[in-house]
Structure formats: C-alpha cells, structure tokens
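The values are calculated or read from the model by the stated rules, or taken from the named source; none is laboratory data. The model shown is predicted, which means the values in this text are computed figures rather than measured ones. Here Cβ is always computed from backbone atoms with ideal geometry, including for glycine, and neighbour counts include all displayed protein chains. Surface areas here come from the heavy atoms of the whole protein model, side chains and all, with no ligands, DNA or RNA. Shrake-Rupley method; radii C 1.70, N 1.55, O 1.52, S 1.80 Å.
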Amino acid sequence: METIALLALIVLLLLGAVLFLFPKSNKNKGKGKHTQLNSSLVKNVRDYTKEEVSKHNTRKDCWIIVKDKVYDVTPYVEEHPGGDAILNNAGRDSTEGFYGPQHATRVFDMVDEFYIGDLKS
C-alpha cells in the first residue's frame, strides 16, 4: 500500500513539473512588441495604428479590428460562412459585427489564430 502511495506521489510531482515547465499558453497582454504562443505557432505581434490597418481592406489583404485587437483574417475570407459580409469592415473596426447574433460562440476561439497585434491608443 505504501508503495502505491509513493508511486502516486511521484507521478503527481512529475505532472506538476511538466505543467510548470510547459504552460498551456503564453499570452502576453502588454503593449508593444511581444511574442505570442498560439496554435503551436510563434509569431511576433506589435501595435498598429488605425491608418496602418486601413490599408488592409481587400479580399486578398483583409485585416479587422475587434475590441482594440488587430486580426489578419485574409486566409479566412473565402471560408467565411457569411460570404462577403466579412469585407464590410475590412481595414476598420469590426467589433459590432463580430459580436452580432449571427456568430456562434466558437468564432470567439477561432479568431485567436488570426491575431497579429493591438491597436495603438
């Protein structure tokens, strides 16, 4: 019985060490340049001005702003279930449309993979 308890304790300690060394996510909420670990991809993110975002307003280069976060949704434009509705606010703030009743809650998780930075104040 003591051997089983000791073995269980060792397993728990090892699991704790693994979780400490390899956390689930590394989201950095600070401003400026930082690295985000997301979907097994490491990408550099930075701050953007509204003017910079506004230049990305086409089907082939589509950025949107949602709650002061900037997303490059270009790869998703053709897959968007709402068709060209995603282009209505390309290069601009899309917060209102994004939180509209037409979106299922899974869209809130999906958008993370397109995050490229924050909007400059």
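General observations
- Any hit, the stretch 109-116, residues being hydrophobic (A, V, I, L, M, F, W, C), without any contact (Cβ under 8 Å) to a residue 40 or more places away in the chain and open to solvent by less than 30 Å² (accessible area, probe 1.4 Å): no
- Residues of the stretch 39-95 that are small (Gly, Ala, Ser), crowded, with 17+ Cβ neighbours inside 10 Å and more than 17 Å from the chain's Cα centre (by Cα): Ala90, Gly91.
- Close pairs from the stretch 45-56: first without any contact (Cβ under 8 Å) to a residue 24 or more places away in the chain, partner not basic (Lys, Arg), Cβ under 9 Å, at least 6 apart: Glu52/Trp63; Glu52/Val70
- In summary, helices (runs of 4 or more DSSP H) completely within the stretch 9-121 and bearing 3 or more residues that are at pLDDT 90 or above occur at 50-54.
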